[in-house]
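The values are calculated or read from the model by the stated rules, or taken from the named source; none is laboratory data. Remember, it's a predicted structure, so these values are computed and weren't measured experimentally. No Cβ is skipped: glycine too gets one built from the backbone with ideal geometry, and neighbour counts run over all protein chains shown.
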There are 2 protein chains.
Amino acid sequence: MDERIRKHAKILVDWSTEIEEGDNVIIRAHPSAYELVLALYNEIGERKAKPITLMSSNEANRAYMLEHGEGFKTPEHLIELVKASDVFISIRGDDNLASMAEVPGSLVSSHALANQPLMDLLSDMRVSLTQFPTASQAQFAGMSLEEYQNFVWNSIIRDWQEVHDMQELLREKLADTDEVCIEGADTELYLSVKGMNPINSDGKHNLPSGEVYVAPVPEKTEGKIYFDLPVVQSGREIHGVKLEFEGGEVVDHSSDSHEELLASILDTDDGARRLGELGIGTNRDINRFTRNMLFDEKMGDTVHLALGFAVPKSVGEGLQGNKSAIHVDIIKDMKKGKMTFDGETIMENGSYFWE
Amino acid sequence: MDERIRKHAKILVDWSTEIEEGDNVIIRAHPSAYELVLALYNEIGERKAKPITLMSSNEANRAYMLEHGEGFKTPEHLIELVKASDVFISIRGDDNLASMAEVPGSLVSSHALANQPLMDLLSDMRVSLTQFPTASQAQFAGMSLEEYQNFVWNSIIRDWQEVHDMQELLREKLADTDEVCIEGADTELYLSVKGMNPINSDGKHNLPSGEVYVAPVPEKTEGKIYFDLPVVQSGREIHGVKLEFEGGEVVDHSSDSHEELLASILDTDDGARRLGELGIGTNRDINRFTRNMLFDEKMGDTVHLALGFAVPKSVGEGLQGNKSAIHVDIIKDMKKGKMTFDGETIMENGSYFWE
């Protein structure tokens, strides 16, 4: 076994989910991630906790959903399992990222709705989402498996305490900020984060992480922004997205490709035209775009905005975050750009204020 | 996908576990059996039941047990999962049957003891144990994968209602029998099954099946028996077992190989020297010994006896079956032998009374 798989497992168990003796642990994995499951059983055994593994497979989900059709019910046995558990480790990594291509979106939504009670339960647990480098994901990223393995494990096997401490400087500053300004080519955007609650995403719930994010005040975004990096939606890439905001709402938009898809995202519901997240990526081991949001949004020297719902814990007490059925992140490269907090330069041309 | 995998899944769902709309279903499988899991998701989706799959792996169990050491606790989350479920389909088929070789037997026993509450819950559910033909199991059986696939699916894809009806003739006769006699080379054995409850094993709890079995009266076995087929224990084969009984107890024994292992089995506890089962195999598609008891004991034209505990439901009401920590089946080929029920010939030289 690659030594990095053992290190990956150790970080998941010790740092991300802090597994202790007696914990009831659920692992969720596709058979392609089998080696990471084996390494986790080693680590969890050493800590005298109790693991079980749910096999996940989009190929199985496809078969199930197509045969079943509408009318999904919540799986009570899975609810009882999750209720009795302390830790949930979800490993991404399938053998075919196109397995669901044939399944109508409406069916996927109905299935997700039936499983919503499970998602609600997970919010009270120690949960971590991570990636195992499979051939299919390497292919999707446009890399050989070996190159992709290096990429994934370089971004995961880090000193997360150090990342936490560094990001804490950023989080504290953001918590004291009223107005954020992002500047660059075709970009001059003002957001208010006054009273909101920035989160230090440090390798616990997402592994890899390397991000500080916050919910903007939904009514207070003004100006325009150009995103250098594409949005990947249902396998299609929307390049060169430009958005213009007035009173928090997108009033004009364009893109170099798939303009209709961009329009349909914005038309999803009322909240789809407002921002639910401002995120600042700090993980420089994520040094390229791989069409996988678990990685992309944490790229060093980037910022991203999400159209749609705000993560509740990133909304300040007594305030309202944006509501929507969607949450679509769009990333801007800051190697040629500048971000200020109440006028103080935080990022500029690929360096952070602490550098 | 091999069409036989779909047929296998259909039998499991329709005949073995009779899955209906709304059932909470657990599948348990090693990644090597992935294709059967996919086929099951198809069938279960069609019936609008709710499947989840637990990944089983002896390689993971080995890692866990060795790191954990003694002191296993019952996994509460797994208990809650099983309590809330209706159906349990357990698929045998690993990628390495020697994965547990390094794990001390005492550790395996402690782990099994901690999981006993789970086994107790399973006895109230619709449970089926089946086999997926993996390369490792083919190797263990001494066959190519293709030959082994043919063997497994020939023995599984049958008209089980027809098997049930045929075996019912045997079960009814056995239910009315006091004394069973088995005769052959070095063999003249008398068992009492008076008042006991024979079971028609027809592809529900075991797939494949093809067996009628019953608990003998523990004190009433007399005579001697020679077993043509080997006993496989911890990877070792005990050939040519001969047992002699007085008052239900083994008073003399010998074998052509591993005599000490046979002795240690008989010395496990008081019940290890008495019989817990008489089984009659009827599945002629199981036409060779494959060192896998799920198949071997159902071979057509064989009988088997088990040293050790009796399956409770095969014991007659108000009677006592044998108690022991072990249950070791030993098989006798009846192609040259005879079995009678109260003097009536039931099997003789490879044919049954109904032929």
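Of all the criteria given as (1) surrounded by 21 or more Cβ atoms within 10 Å (Cβ to Cβ); (2) at negative phi, the one not satisfied by A:Gly203 is (2).
Could you tell me whether region B:255-271 includes any residue that is on the phi < 0 side of the Ramachandran plot, part of a strand (DSSP E or B) and at pLDDT 95 or above? Checked against the condition, which is being on the phi < 0 side of the Ramachandran plot, part of a strand (DSSP E or B) and at pLDDT 95 or above, region B:255-271 yields no hits at all. The residues listed here are A:Thr187, A:Thr134; of these, the one that is buried (at least 18 other Cβ atoms within 10 Å of the Cβ), over 24 Å from A:Pro312 (Cβ atoms) and touching a strand residue (DSSP E or B) at 6+ places or on another chain (Cβ under 6 Å) is A:Thr187. Residues in region B:69-105 that are surrounded by fewer than 19 Cβ atoms within 10 Å (Cβ to Cβ), at pLDDT 95 or above and among the hydroxyl-bearing types (Ser, Thr, Tyr): B:Thr74, B:Ser90. In this structure, is A:Ile225 part of a strand (DSSP E or B) and under 30 Å from A:Arg4 (Cβ atoms)? It is false that A:Ile225 is part of a strand (DSSP E or B) and under 30 Å from A:Arg4 (Cβ atoms).
For region B:325-340, enumerate the residues that are among the basic types (Lys, Arg) and assigned to a strand (DSSP E or B). Spell out how you get there, then give the answer.
Filtering region B:325-340 down to residues among the basic types (Lys, Arg) leaves B:332, B:335-336, B:338.
Answer for region B:325-340, where residues must be among the basic types (Lys, Arg) and assigned to a strand (DSSP E or B): B:Lys332, B:Lys338.
The set of residues from region A:1-10 being out of contact with any helix residue (DSSP H, G or I) (no Cβ under 7 Å at 6 or more places or on another chain) and either buried (at least 17 other Cβ atoms within 10 Å of the Cβ) or more than 13 Å from A:Glu43 (Cβ to Cβ) (or both) comprises A:Asp2, A:Glu3. Of the residues making up region A:123-151, those that are in contact with a helix residue (DSSP H, G or I) (Cβ under 7 Å, 6 or more places away or on another chain), in a loop (DSSP other than H, G, I, E, B) and closer than 18 Å to A:Ile27 by Cβ are A:Phe132, A:Pro133, A:Thr134.
The set of residues from region A:253-277 being surrounded by 18 or more Cβ atoms within 10 Å (Cβ to Cβ) and among the hydroxyl-bearing types (Ser, Thr, Tyr) comprises just one member, A:Ser255. Contact map, region B:139-153: residues that are over 9 Å from B:Thr290 (Cα atoms) paired with residues that are surrounded by 15 or more Cβ atoms within 10 Å (Cβ to Cβ) and charged (D, E, K, R), Cβ distance under 7 Å, separation 6+ or inter-chain. Pairs shown: B:Trp153/B:Arg4.
Can you find even one residue in region B:189-201 that is modelled with pLDDT of 95 or more, assigned by TED's automatic domain parsing to the domain that holds B:Tyr34, within 19 Å of the chain's Cα centre (by Cα) and under 19 Å from B:Thr17 (Cβ atoms)? Can you show your working first?
Our first condition is that a residue be modelled with pLDDT of 95 or more; within region B:189-201, this holds for B:189-201.
Within this subset, residues satisfying the condition of being assigned by TED's automatic domain parsing to the domain that holds B:Tyr34 are none.
No, because not a single residue in region B:189-201 is modelled with pLDDT of 95 or more, assigned by TED's automatic domain parsing to the domain that holds B:Tyr34, within 19 Å of the chain's Cα centre (by Cα) and under 19 Å from B:Thr17 (Cβ atoms).
So, A:Pro117, is that one part of a loop (DSSP other than H, G, I, E, B) and either without any contact (Cβ under 8 Å) to a residue 60 or more places away in the chain or over 27 Å from A:Gly235 (Cβ atoms) (or both) or not? When the stated conditions are applied, A:Pro117 does not pass them.
Of the residues B:Phe88, B:Phe132, the single one that is more than 28 Å from A:Asp23 (Cβ to Cβ) and among the aromatic types (Phe, Trp, Tyr) is B:Phe132. What's the total number of residues in region B:223-240 that are under 24 Å from B:Ala98 (Cβ atoms) and either surrounded by 16 or more Cβ atoms within 10 Å (Cβ to Cβ) or at pLDDT below 95 (or both)? The qualifying residues number 10. Applying the criterion of being in contact with a helix residue (DSSP H, G or I) (Cβ under 8 Å, 6 or more places away or on another chain) and in a loop (DSSP other than H, G, I, E, B) to the residues of region B:272-286, the residue that is nearest to B:Gly93 (Cα to Cα) is B:Ile286. Filtered by the rule that a residue be buried (at least 22 other Cβ atoms within 10 Å of the Cβ) and in a loop (DSSP other than H, G, I, E, B), region B:302-323 gives B:Ala310, B:Gly321, B:Asn322. Screening B:Glu162 against (1) out of contact with any Lys or Arg (no Cβ under 7 Å at 6 or more places or on another chain); (2) farther than 24 Å from A:Leu40 by Cβ; (3) in contact (Cβ under 8 Å) with a residue 40 or more places away in the chain leaves a single unmet condition, (3). Of all residue pairs spaced 6 or more apart or on separate chains, none has beta-carbon atoms under 7 Å together with a first member in region A:332-343 that is at pLDDT 95 or above and β-branched (Val, Ile, Thr) and a second member that is surrounded by fewer than 14 Cβ atoms within 10 Å (Cβ to Cβ) and in a strand (DSSP E or B).
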